[in-house]
Amino acid sequence: MVWVVAKPSPTPPPYGRTMIKRERRNRYAAICGGLLLTLVCMTPVRAQDNDRKILKKVEAQYPSILKRRGIGGTVRLKVSVHADGAVKDVEVLGGNPTLADAAEKAVRQWRFAPGGESTVTVAVNFDPNS
């Protein structure tokens, strides 16, 4: 014996004003969700403490070939600091790659005042005229 079961027909999509209201509601929800996602992504994960005092500052070695050629600039670094003040990690945010290497080597030797773990943004200037 074979049983045949009729499938219910799918409800037809709404037309007219109902469809327009649903599209507006979906569009509004998508925009609100996108804005919320943007705000969440922009929130820093760790606090940044740019006022943390530097106890030991090692000057960066200016690469002699760049200094002779008059190439200078500013290197921006994001420095992660341990609670005891030691440098945990250094990330280059911008600047000449050769100058960035010199700046990173110097900043890794810095000591900061003890406090909680934090992130500090540092700018190291290289002036060929000095």
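The values are calculated or read from the model by the stated rules, or taken from the named source; none is laboratory data. Quick caveat, the model's predicted, so the values are computed rather than measured. Cβ coordinates were reconstructed from backbone atoms using ideal geometry, including for glycine residues, and neighbour counts include every protein chain displayed.
The condition of being of a type in the set (V, I, T), modelled with pLDDT under 95 and either within 10 Å of F126 (Cα to Cα) or surrounded by 10 or more Cβ atoms within 10 Å (Cβ to Cβ) (or both) holds for I71.
Test of understanding: among A123, A113, A106, which residue is under 15 Å from V58 (Cβ atoms) and among the small types (G, A, S)? Only one candidate passes the filter, namely A106. Residues in the stretch 111-121 that are assigned to a strand (DSSP E or B) and surrounded by 14 or more Cβ atoms within 10 Å (Cβ to Cβ): R111, F112, S118, T119, V120.
Going through N26, N96, N50 one at a time, which residue ends up being in contact with a strand residue (DSSP E or B) (Cβ under 8 Å, 6 or more places away or on another chain) and at pLDDT below 90?
Going through N26, N96, N50 in turn, just one is in contact with a strand residue (DSSP E or B) (Cβ under 8 Å, 6 or more places away or on another chain) and at pLDDT below 90: N50.
Listed here are the residues, each with its yes/no results for (1) in contact with a Leu (Cβ under 9 Å, 6 or more places away or on another chain); (2) part of a strand (DSSP E or B); (3) charged (D, E, K, R).
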position: A60; (1), (2), (3): yes, no, no
position: V75; (1), (2), (3): yes, yes, no
position: V79; (1), (2), (3): no, yes, no
position: E91; (1), (2), (3): yes, yes, yes
position: T98; (1), (2), (3): yes, no, no
position: A103; (1), (2), (3): yes, no, no
position: Q109; (1), (2), (3): no, no, no
position: A123; (1), (2), (3): yes, yes, no
position: P128; (1), (2), (3): yes, no, no
